[in-house]
There are 2 protein chains.
Amino acid sequence: MKGIRQLADQLNISIGTVSRALNGRPDVNEETRKRVLEAAAELGYVPNQSGRSLRQGTTNAIGFMVESGFDTAGNPDNFFLGVFDGVQTVLSRHHLDLVVLPCATDEDPTQYLRRMVARRLVDALIISATRRKDERIELLNKARIPFIALGRSATPGDHPWIDLDFEGVAHRAVDRLVARGHRRVAVCVPSNDINLGFVFLDAYRAALGRHGIPFEPGLVIRVASSEQGGYQAAHELLTMAEPATAVVLIYELMAIGFYRRLNEAGLSPGRDIAVIAFRESPLSRFLSPPLTCFRMSLRDLGIALGESLLASMPAYAEVYPQGIVHRVWPMELIEGGSDQAISG
Amino acid sequence: MKGIRQLADQLNISIGTVSRALNGRPDVNEETRKRVLEAAAELGYVPNQSGRSLRQGTTNAIGFMVESGFDTAGNPDNFFLGVFDGVQTVLSRHHLDLVVLPCATDEDPTQYLRRMVARRLVDALIISATRRKDERIELLNKARIPFIALGRSATPGDHPWIDLDFEGVAHRAVDRLVARGHRRVAVCVPSNDINLGFVFLDAYRAALGRHGIPFEPGLVIRVASSEQGGYQAAHELLTMAEPATAVVLIYELMAIGFYRRLNEAGLSPGRDIAVIAFRESPLSRFLSPPLTCFRMSLRDLGIALGESLLASMPAYAEVYPQGIVHRVWPMELIEGGSDQAISG
DNA sequence: GGCGCTTCCGTAAACGATTTCGGAACACTC
DNA sequence: GAGTGTTCCGAAATCGTTTACGGAAGCGCC
């Protein structure tokens with residue numbers, strides 16, 4: 001099967017009619033349409049995407065940019081695969097496909113995205129690992145390409161985004177710890193420019209403030225979001241002049257290293273130091289004591305991302321009328337024993 | 001910047017010359033080429049991919065099909081992100097880009113691939129989660145699309161593939177265990193139709209055979225490749241009439257559940273039952289005792305995949321002359337204490 | 001029978017690039 | 001000065017679709 005030409009010849013009708021029939025245009029006899037559809041199915045004809053794209057200026061594909069070097073790359077579950085799944089299910093309802101664009105660690109994300117945009121491979125984009133100041137947002141705005149960011153940004157503008165509920169996480173974590181008598185609560189955030197850490201830190205400050213606890217910069221530990229980072233964080237915490245009695249870890253993977261360093265010091269999480277971490281993974285329950293952490297549905301997040309992206313595209317405005325979405329994704333607290341540490 | 005037309009008008013030359021200049025054709029004056037290149041850079045002109053594709057029948061993109069429901073989706077590190085990174089670095093050397101095609105859990109992989117192939121979105125493909133009998137291989141062969149499989153298959157034909165060294169893993173694991181006096185070595189494999197489990201099981205049988213140990217079907221435990229699966233596997237093992245004294249787990253994530261069930265029974269891995277698992281993750285060293293497992297470089301695997309794929313494409317035959325590659329990827333043994341269990 | 005309306009379909013022009021073909025300009029040789 | 005190359009570039013065809021436009025056919029109505 002070559003192209004629409006052959007299909008039309010086979011049926012002895014013009015290619016215009018074939019195209020109209022396949023695309024569900026109203027101005028084609030239903031009998032004719034049926035014949036075309038049948039012949040297309042039989043011959044396995046599928047329109048050449050390049051031809052379509054060239055003519056319509058649209059690709060019927062949505063891009064999802066991820067970065068191999070992003071922190072969650074080391075996280076204890078395949079965060080993105082779960083999200084992809086949700087996005088796909090939404091898109092397939094509209095005959096759209098998802099193509100993932102992985103930016104290599106050695107390439108600048110903005111440059112990479114610029115190239116991809118120029119390629120006109122996709123009609124719209126989901127970007128992740130959003131930076132505090134993210135040039136990609138300006139780039140996409142200027143190029144007038146619909147997009148949604150997984151993760152809010154401080155970059156000005158009114159683009160749609162969905163972010164995890166770091167405020168909720170920080171407040172609930174701090175509330176719990178304070179309720180157990182803790183006053184010196186440390187926090188671990190990554191030391192990169194991804195906005196997540198900043199949002200988390202702000203929420204942590206606010207949470208402390210609600211309890212009248214002054215913010216101490218010394219209790220903010222900046223390390224890599226890895227097991228090693230967690231180990232290092234525990235080390236820093238142990239060598240403080242006046243150690244914290246509790247800690248909130250932003251990446252659950254860090255908990256492994258954190259536990260390890262504590263164990264080396266003869267200390268036990270949940271007894272000597274309270275630990276709460278964000279985000280649940282298979283190993284949370286296995287740790288001893290089990291880690292108190294926060295859970296979410298990756299697939300549902302993907303669905304929300306897909307729907308909210310479509311909502312920002314004029315072509316789908318009537319299907320998803322919610323418009324520009326700014327949404328915070330709820331997290332569920334999972335109680336382990338790791339935050340049971342006694343106070344003082 | 002609109003298209004090549006504008007660029008040509010700006011320079012007062014024809015679009016043909018512009019195209020030739022940009023594509024490095026010899027029949028264009030070097031002075032002219034320089035002017036074109038400069039103007040293109042200044043105006044940020046990038047050729048429209050649809051136009052190119054339509055004319056040349058090529059897309060300059062390589063696809064990597066992954067499945068959200070694949071076992072490793074739950075694995076304790078982002079297996080695929082690491083591999084993507086390696087593939088990207090190879091492709092970018094040839095001005096190719098990687099697009100990842102994630103198949104949703106609720107869609108048939110072959111149907112999905114058929115759609116993607118028809119889209120002509122990519123020039124060549126990497127497929128993963130290779131099945132024992134994989135229709136995708138036949139599909140791609142018939143469509144004459146260059147591809148490489150991550151994971152060998154029993155599907156006839158001579159397509160290129162790279163697979164992890166399951167033989168090496170199985171032999172080294174069994175050798176170690178037997179050397180420590182074990183005779184009853186159980187093995188855990190997934191219960192799906194992905195070829196990995198079959199290859200692993202065959203190698204396990206062969207390894208036992210080399211030591212004159214008869215194969216016992218009762219020692220093959222088929223469970224899901226998840227933490228729960230590991231838990232269940234341990235349970236099955238404990239309730240055997242004549243329990244195994246050692247076990248080889250194919251997914252490291254299973255070790256968490258396996259350890260947990262053992263602990264519940266008052267047993268300790270490495271003391272009461274020897275455990276070796278495939279593949280290392282951040283938590284391997286953290287488990288108590290640390291897990292004896294196998295390590296690999298995801299990025300290097302990706303590089304090999306990319307190079308081997310290009311080697312199978314006529315257009316790159318002179319750059320990568322190795323031709324059709326069948327390659328087994330080596331794994332490095334990481335010693336933990338989990339396989340130290342005494343025998344008898 | 002003329003007119004208007006609807007229904008359906010064919011023709012041809014885009015879309016933006018690459019590439020074949022031929023020719024202009026120039027130099028060189030005899 | 002005619003013939004022969006060589007170098008470089010422009011014109012135009014081409015890839016496979018979609019879609020604007022117009023027209024043919026059929027029908028109903030006065």
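Could you sort the peptides B:150-160, A:58-68, A:147-157 by per-residue average Cβ neighbour count (10 Å cutoff), highest mean leading?
Most protected by this proxy first, the peptides run A:58-68, A:147-157, B:150-160.
Once the dipole of region B:1-63 is set up with Lys and Arg at +1 and Asp and Glu at -1 on Cβ about the Cα centre, which of B:T32, B:A61, B:V18 lies farthest towards its positive end?
B:A61
Carbon-plus-sulfur fraction of the accessible area of chain B, 1.4 Å probe, in percent?
It is 50 percent, rounded to a whole number.
With no solvent and one point on each alpha carbon, what is the Debye value of log10 I(q)/I(0) for region A:98-158 at q = 0.18, 0.21, 0.23 Å⁻¹?
One equal scatterer on each Cα of region A:98-158 leads to -0.59, -0.83, -1.01.
Give me, ordered by chain and number, the residues 5 or more places off A:T292 or on other chains with an amide H under 5 Å from its own placed amide H.
Those qualifying (amide H under 5 Å, at least 5 residues apart or on another chain) are A:A277, A:G336, A:G337, A:S338, A:D339.
How large is the charge dipole for the protein assembly as shown, taken about the Cα centre, if only the Cβ atoms of Lys, Arg (+1) and Asp, Glu (-1) carry charge, to the nearest 20 debye?
That gives a dipole near 1200 debye.
Would you mind giving the mean number of other chain beta-carbons within 10 Å of the Cβ of each residue in B:119-125, as a whole number?
4
Tell me which residues come under 5 Å, amide H to amide H, from B:Y251 once H is placed; ignore anything under 5 positions away on its chain.
Those lying under 5 Å, H to H, from B:Y251 are B:F278.
Using a probe radius of 1.4 Å on heavy atoms only, what accessible surface per residue do you get for chain A? Whole Å² is fine.
Using a 1.4 Å probe on heavy atoms only, each residue of chain A averages 40 Å².
Ignoring ligands, DNA and RNA, how much accessible area is buried between chains B and A, both sides summed, with a 1.4 Å probe, to the nearest 100 Å²?
4600 Å²
Between A:A179 and A:Q111, what length in nm is gained on full extension when 0.36 nm per residue of separation is reduced by their alpha carbon distance?
Working it through step by step, the gained length comes to 19.7 nm.
How fast does region B:199-290 diffuse by Stokes-Einstein, in µm²/s, taking the Kirkwood radius from C-alpha pairs at 4 °C and 1.567 mPa s?
So the translational diffusion coefficient is about 96 µm²/s.
On a C-alpha basis, how far is the centre of region A:180-231 from the centre of region A:278-344 in Å? Whole number, if you could?
Answer, in whole Å: 19.
Under a Cβ-only charge scheme (Lys and Arg +1, Asp and Glu -1), can you give me the dipole magnitude of chain A about the Cα centre, in debye to the nearest 20?
In debye, rounded to 20, chain A gives about 600.
For region B:194-233, state which residues have at least 30 Å² less accessible area in the presence of all protein chains than in their chain by itself, taking the probe as 1.4 Å and leaving out ligands, DNA and RNA.
B:E227
Add +1 for every Lys or Arg and -1 for every Asp or Glu among the other residues with Cβ under 15 Å from the Cβ of B:E307, and state the total.
Taking every Cβ under 15 Å from that of B:E307, the sum is 0.
How big, in percent, is the set of alpha carbon pairs in region B:4-47 lying more than 11 Å apart?
Summing the P(r) of region B:4-47 above 11 Å gives 58 percent of all pairs.
For B:H211 paired with B:N141, estimate the spin-label separation in nm (one decimal), with each label point 7 Å from Cα along the Cα-to-Cβ line.
3.8 nm
Over the residues of region B:1-123, compute the C-alpha Rg and express it relative to 2.2 N^0.38 Å.
Cα-based Rg divided by the globular estimate yields 1.42.
On a 0 to 90 degree scale, rounded to 10, what angle separates helix A:79-92 from the longest Cα axis of chain A?
On a 0 to 90 degree scale, this one is about 30.
Please work out the Kirkwood hydrodynamic radius for chain B, using every pair of different C-alpha atoms, and report it in angstroms with one decimal place.
Its Kirkwood hydrodynamic radius stands at 22.6 Å.
Two decimals, Cα atoms only, Kirkwood Rh: what is Rg/Rh over region A:265-344?
Rg/Rh: 1.27.
Just checking the output field for B:110-116: average partner chain Cβ neighbours within 10 Å of each residue's Cβ?
2
Return an integer: the convex hull volume of the alpha-carbon atoms of region A:74-220, in Å³ per residue.
Convex hull of Cα atoms, per residue: 146 Å³.
Computed over the Cα atoms, what is the radius of gyration of region A:177-334 divided by 2.2 N^0.38 Å, N being its residue count?
1.21
How shielded is A:87-99 by partner chains, expressed as the average number of their Cβ atoms within 10 Å of its Cβ atoms?
4
Using mean Cβ contacts within 10 Å as the protection proxy, how do A:90-96, B:30-36 order, highest first?
Highest-to-lowest ranking by the protection proxy: A:90-96, B:30-36.
List the residues, sorted by chain then number, that are 5 or more residues from A:R327 or on another chain and whose placed amide H is less than 5 Å from its amide H.
Residues meeting the amide H criterion: A:W161, A:I162, A:D163.
So what's the protein assembly as shown giving for Cα Rg divided by 2.2 N^0.38 Å, two decimals?
Cα-based Rg divided by the globular estimate yields 1.05.
If we count every other residue with Cβ under 14 angstrom of B:G209's Cβ, Lys/Arg +1 and Asp/Glu -1, where does the sum land?
Combined, the nearby Lys, Arg, Asp and Glu give -1.
The values are calculated or read from the model by the stated rules, or taken from the named source; none is laboratory data. Nothing here was measured: the structure is a model prediction, and the numbers come from that model. Please note: Cβ atoms are built from the backbone with ideal geometry, for glycine as well, and neighbour counts cover all protein chains shown. The area values use the complete protein model at the heavy-atom level, side chains included, leaving out ligands, DNA and RNA. Shrake-Rupley method; radii C 1.70, N 1.55, O 1.52, S 1.80 Å.
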